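Written out below as structure tokens is the structure these notes cover.
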């Protein structure tokens, strides 16, 4: 439960409030969720290390993406379910047995900003934001300043590792994929 309360902080992205069923507020603009069909289907189990200010937490994420949507379960390292995220290409929702208030659209947006193809991310960004992408590194820039910075290693989603930083929320996240057998295109 301690982690679920901590997770609510970055998902809110400081003072950014959601802007509807499919759009997440970001500093200087917004990102509207894109179809899950824009990325090749994949499943992955990942270790997520999260830093919010001085606080550090770790969770296990089970992530599944296919043409029907995106689903993610967040678990403590001992297997207790902290949250279930579902995005069915129309709306995002999250359930948290721990009672944390987590913005489902913000969480799904962070996943898409890190994992979806550049053209899809650009289509979701409001005009005030721009995507800089060289394949391994990606930055969302607004007003000349980085809003979200991402570094990825490995092949197409789920990537071997992803580092994500949201400077305005004093948030850093490192995601390591632990099941290399579940690479892009090798689902079910």
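Just so it is clear, none of the values below were taken in a lab; they were calculated from the coordinates. Because the structure is a prediction, the values reported are computed rather than measured. Heads up, the Cβs are rebuilt from the backbone with ideal geometry, glycines too, and the neighbour counts pull from every protein chain shown.
How many angstrom lie between the C-alpha centres of region 123-180 and region 22-98? Between the Cα centre of region 123-180 and that of region 22-98, the gap is 14 Å.
Pairwise Cα distances in region 18-59 exceed 12 Å in 74 percent of cases. Here is the P(r) of region 2-177: all C-alpha pair distances, binned every 5 Å from 0, give 1, 9, 18, 24, 24, 17, 6, 1, 0 in whole percents.
Label-to-label distance, residue 155 versus residue 89, with points set 7 angstrom from Cα along the beta-carbon direction: 2.5 nm.
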